[in-house]
Every structure is written in C-alpha cells, then in structure tokens.
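See structure below.
The values are calculated or read from the model by the stated rules, or taken from the named source; none is laboratory data. A quick note: this is a predicted structure, and the numbers were derived from the prediction, not measured. All Cβ positions, glycine included, derive from the backbone under ideal geometry; neighbour counts span all protein chains shown. Protein only, heavy atoms only, side chains kept; ligands, DNA and RNA dropped before computing areas. Shrake-Rupley method; radii C 1.70, N 1.55, O 1.52, S 1.80 Å.
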Amino acid sequence: QKKKLLEELGQNKLPYLTPADADFHQLWKTKYSKLVFRKSDAVPEELHQMVQEGFLTLQKHDCFFQDLVRIKGKDFVTPVSRILIGNPGCTYKYLNTRLFTVPWPTEGYDINYCSPQIHDACKALIKLNDYLHIEAVKELQGQNLFETKEIKDTTVIDREQSFATSLTAEGSVSKDQSSCCVPEDDYISLKNRTSYNLTLLNYMDPLQMLYLKQEPYFGMGNMAVSWHHDENLVERSTVAVYSYSCEGSPVEESNEQKLKGRDPAVWHVGLKVAWDIETPGLAIPLNQGDFYLMLDDLNMTHQHCVLAGFSPRFSSTHRVADCSRGTLEYIFGQCELALQNLQTDSDSMALSLKSLEAAVVKQAEEIHNEVEFEWLRQFWFQGKRYLKCTDWWLKPMAKLEEFWRKMEIMTSLVLSEVGKEEQIEEQRNETISCFLLVLTERQRLRKEWTAR
C-alpha cells in the first residue's frame with residue numbers, strides 16, 4: 001500500500017496543516033474529531049512533577065532499551081528506547097517482539113524493586129494511568145452524547161445537556177451519575193475500552209541519532225516513529241499519550257530549510273487518514289506536559305507518526321492491550337492443559353502419555369511451541385535487561401521452564417510410542433502426520449531464533 005501511494009504521488013507532497021493554518025480547526029473537527037488534545041495546564045501540577053521525576057529516575061537507572069524488532073523477516077533496532085510498565089504478568093507484543101511489564105505497585109502482589117526510586121517512578125505512572133482513564137471516560141461519554149442528541153426528543157436533550165454541564169463542572173463521573181443517560185452495557189463497554197492495563201514508555205534524544213527517516217508523504221521532516229497503527233489492542237479502545245520534552249537542553253541551530261508550517265525544533269504528532277491522498281494531514285506541536293487521546297476507532301481508521309524536535313523527549317503511551325493470549329495466567333493455563341496428557345506411574349515413577357490421539361498430541365505440541373517461542377525465547381533474548389528494575393519475572397519464567405522440560409519429555413514419549421509396532425497403523429499415521437507438522441515448525445523457529 002505504501003509503495004502504491006508513493007508511486008501515485010510521484011515527486012509531489014500531500015498538504016498538511018498545523019495550528020498556524022486558518023483551516024486547521026475545521027479540518028480537525030470534520031476529519032479528526034476522535035483526536036482529543038489537552039495542553040499541560042489541564043493536568044494537576046503535582047502529577048506533572050511526579051511523572052516527570054519518574055521519567056528521569058528510570059533514565060538515570062538505565063531502564064530504557066532499544067528493542068530488536070522483526071519486520072518482513074528482517075531484524076531492526078528501534079531508534080526509540082522503551083520500557084513497558086503495567087499490570088503484573090501482562091505482556092505487550094509489537095513487530096514480533098514481546099515486551100514484559102515491569103509491574104507497577106499492585107495490591108496483592110509482592111514486587112521487589114531494585115530501588116525505592118524505581119518503585120516511586122512506577123507508582124507515579126499508575127497515578128497518571130488512573131488520571132488518563134478518567135479523562136478518556138469523560139471524553140467518550142461527551143462524544144457519545146453529542147452523537148446521539150439529534151435523534152432524541154427535546155426532554156431527553158435537556159436532561160443530557162444539564163448532565164453534560166454537571167460533568168464539566170465536577171470534572172469526573174461516578175457510575176450513578178452516568179447511568180442517567182449512558183445505558184449499563186455502554187458504561188461497561190466505555191470502562192473496558194479505557195481501562196489501560198499498561199503503558200509503553202518511550203525516550204529519544206534526536207541529537208544522538210546519526211540518522212532519522214524523513215516523513216515520506218507530506219514532507220513533515222524528521223520522524224522518530226514512522227506512520228503506523230498501534231497493534232495488539234482491544235478493539236476500539238482509547239490510546240492516551242502524555243508527552244514530556246526536556247526543555248532547557250542545548251538546541252543546535254538547524255541548517256535545514258524551515259519546513260512549511262512545522263517548527264523542526266518542536267516535537268509534533270502527525271495524523272493522517274489511512275491510505276488516503278484526498279484529506280490533508282495534521283501536525284500538532286507537543287509541548288512539555290501536553291497529552292492527547294485517540295478515541296474509539298481512530299487508531300484503526302487513521303495512522304499516526306511522531307515527528308522529532310531537537311530536545312530529548314519522553315512519552316508515556318497508555319493502552320488497553322489485548323492480553324487474551326499475553327498474560328502469565330493464560331500461559332500457565334495452557335501448560336496445565338498440555339500436561340493433562342502426562343501421567344506418572346505410582347510405583348516406578350515412570351512417565352507415560354494417557355492418549356496418543358492425534359488431536360491430543362497436536363494440542364500439547366502446539367502449546368509446547370507457544371511456551372518456547374512466545375515466552376521463554378522472547379523473554380531471554382532481551383529479558384535480562386528487566387533485572388535493572390525488578391526480579392519479578394524470574395520465578396514465573398523458572399516455572400515455565402519446568403513446564404517446558406516436561407513437554408520435551410512428552411515429545412520424546414510420542415516419538416517412542418509411534419515407533420512401536422503394536423500401534424494401529426491408521427491412528428499411528430494420523431498422529432505422525434500432525435506431530436511432524438508441529439515439529440517441523442519448531443525446527444524452523446529454533447533456527448530463526450538462533451540467528452536472531
């Protein structure tokens with residue numbers, strides 16, 4: 001799609017608008033209405049201070065890391081350094097790389113941080129998370145009210161307008177208040193789509209980068225992060241981004257020609273309608289402590305990029321990650337399912353398989369692959385770095401390795417069983433053919449991971 005779009009453009013560039021342009025707000029309202037932007041003075045000063053101190057603490061302790069990601073079969077190191085902080089046992093996968101959360105302080109979990117300062121930094125981020133969750137609920141409710149007003153009778157409209165006023169006045173919404181005009185199902189849906197379970201923190205100092213890609217469609221200048229949709233999220237969930245550029249750092253004079261509309265010294269978020277060359281793009285300046293929300297399906301219908309300024313910048317990007325296959329609870333459940341087919345003789349303590357049915361063998365061997373390639377190898381190929389913050393993941397990983405060893409034994413048992421002559425040939429052939437497929441995949445992935 002990108003190639004096709006660039007061919008269509010040839011040497012031309014698409015138009016884009018910044019707040020300096022007369023039609024900027026009109027374009028935002030009509031084509032980008034699900035982007036909500038708030039200047040730093042909307043956020044409590046105390047919260048700014050906690051979060052910004054947290055960023056600097058994590059940087060001081062060398063907790064930001066460049067990721068090795070895989071795109072179209074090739075490995076790349078990200079220009080941006082990152083760390084994932086969130087619910088204990090949660091992971092987030094992007095570009096074939098699984099990141100493991102440094103857990104933020106959570107009731108009922110014993111989390112051992114490497115220093116009290118790292119504990120405080122994680123605590124600041126959960127406070128920011130709570131704040132952004134409340135803001136996102138308010139914005140979504142506001143937009144829902146706005147979208148449905150026209151089709152309701154006037155008495156309902158009056159009631160909802162007074163609700164909207166009280167919402168603005170009070171600054172937050174309780175469940176009881178909201179139920180007067182948001183049906184229960186919608187309330188649950190709103191909550192699910194804004195209950196961020198983790199934040200991906202980013203850090204980059206553009207002056208340390210030898211090379212940054214140029215924005216290809218609009219000529220917006222240096223990009224820290226190329227055009228993309230955020231992946232691995234709950235459908236239609238909100239993404240919230242808090243931005244902190246370190247002002248007061250030395251800024252080199254730019255020799256590049258001034259880009260139309262966009263000051264190259266200032267960080268911007270760029271937005272465009274996905275794969276569309278009719279609608280102008282937006283470039284919105286990000287100053288210290290500003291935040292923005294991408295509501296509802298904006299992340300699916302539009303793409304965004306981050307345009308680098310001159311000063312170093314941190315951001316905290318809060319997400320509702322789709323953790324259906326990405327939590328410890330899930331993978332432990334899978335292991336228990338696979339190991340149901342393993343039994344121990346009470347006298348000899350010898351291990352054997354309960355069933356050689358093709359479906360049972362296939363399920364266990366697929367889980368074996370999942371544990372090895374989605375968890376153990378993903379963790380250990382970049383995982384030691386997490387020890388700079390906490391040792392929380394070591395115990396669960398040791399437990400997963402124990403499960404994996406048992407699954408290796410199960411693989412050996414399948415091999416020895418299908419080699420026995422008393423097996424019914426038809427059943428044996430069925431078991432071998434599905435077993436061989438999973439084993440071939442395992443061999444391929446082991447080679448790939450060794451190369452990585």
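Some values worked out for this structure:
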item: Accessible surface of the range 328-451 [probe 1.4 Å, protein heavy atoms]: carbon and sulfur percent; result: 54 percent
item: Centroid-to-centroid separation of the range 320-378 and the range 1-32 [C-alpha atoms, Å]; result: 50 Å
item: On Cα atoms only, tilt of 358-369 relative to the major axis of the chain in degrees; result: 50 degrees
item: Cα-based helix-to-principal-axis angle, 154-170 vs the chain, degrees rounded to 10; result: 90 degrees
item: Projected-area mean, the chain, by convex hull of Cα positions, square nanometres; result: 28.6 nm²
item: Share of carbon and sulfur in the accessible heavy-atom surface of the range 72-130 [1.4 Å probe, %]; result: 50 percent
item: Nearest 10 degrees, 0 to 90: helix 394-418 Cα axis against the chain principal axis; result: 40 degrees
item: Lys/Arg +1, Asp/Glu -1 at C-beta; the chain dipole; positive extreme among Ala20, Val51, Thr411; result: Ala20
item: Glu231-Asn287 FRET efficiency (beta carbon distance; Förster radius 35 Å; 0.05 resolution); result: 0.80
item: Electrostatic dipole magnitude of the chain [Cβ: Lys, Arg +1; Asp, Glu -1; Cα centre; debye, to 20]; result: 1260 debye
item: Highest-first arrangement of 79-89, 294-304, where packing means the average Cβ count within 10 Å; result: 79-89, 294-304
item: Kirkwood-type radius of the range 215-359, with distances r between different C-alpha atoms, in Å; result: 19.1 Å
item: Local electrostatic count, Thr440, Cβ distance below 14 Å [Lys/Arg +1, Asp/Glu -1]; result: +1
item: Contact order normalised by residue count of the range 328-451, Cα under 8 Å, 6+ apart, percent; result: 35 percent
item: Cut-off 10 Å between beta-carbons: net charge of the residues surrounding Thr238, Lys and Arg +1, Asp and Glu -1; result: +1
item: Surface accessible to a 1.4 Å probe, per residue, for the residues of the chain, Å²; result: 51 Å²
item: Stokes-Einstein translational diffusion, the range 328-451 - Kirkwood Rh over all Cα pairs, 1.002 mPa s, 20 °C, in µm²/s; result: 136 µm²/s
item: Highest to lowest packing among 119-130, 31-42, scored as the average C-beta count within 10 Å; result: 119-130, 31-42
item: Peptides 314-327, 213-226, 438-451 ordered by average Cβ neighbours within 10 Å, highest first; result: 314-327, 213-226, 438-451
